[in-house]
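The values are calculated or read from the model by the stated rules, or taken from the named source; none is laboratory data. Computed from a prediction, not measured in an experiment: that's the story for all the values here. Because the Cβ atoms are built from the backbone with ideal geometry, glycine has one as well, and the counts that use them run over all protein chains shown.
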Amino acid sequence: MEKEIFLPTLHWFAMTNTFSGSCGDFRFMAKPNVIMATPKEVDFTQSTIACEYWHGKLCYELSEMEDKKEFPMTEEGRQEMMDWLLANI
């Protein structure tokens, strides 16, 4: 059986939204660090997404994180985050 996870678009993260997801007992949390180029434009070259993961049935606040990594807020960075998460399921 192939493992699948969902990650939202860069626009989701650019709006400073956090995202959590899971696949079985694998859980993860992605939090953006948005840098604004102007009051209305995100500087995607400077913005990042920090992602952490853990295994278990408990929520983020009650779990011990197994690893954390920061990714550029680009399509390439989003794909790198997806690959990193899938490699650790």
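Within region 72-89, the set of residues being touching a helix residue (DSSP H, G or I) at 6+ places or on another chain (Cβ under 9 Å) and either among the acidic types (D, E) or under 17 Å from I5 (Cα atoms) (or both) comprises E75, G77, R78.
For region 49-63, check the following and say yes or no: at least one residue is at pLDDT 95 or above, of a type outside the set (A, V, I, L, M) and in contact with a helix residue (DSSP H, G or I) (Cβ under 6 Å, 6 or more places away or on another chain). For region 49-63, residues at pLDDT 95 or above, of a type outside the set (A, V, I, L, M) and in contact with a helix residue (DSSP H, G or I) (Cβ under 6 Å, 6 or more places away or on another chain): present.
If the condition is being in contact with a strand residue (DSSP E or B) (Cβ under 6 Å, 6 or more places away or on another chain) and not small (G, A, S), then region 43-54 contributes D43, T48, I49, C51, E52, Y53, W54.
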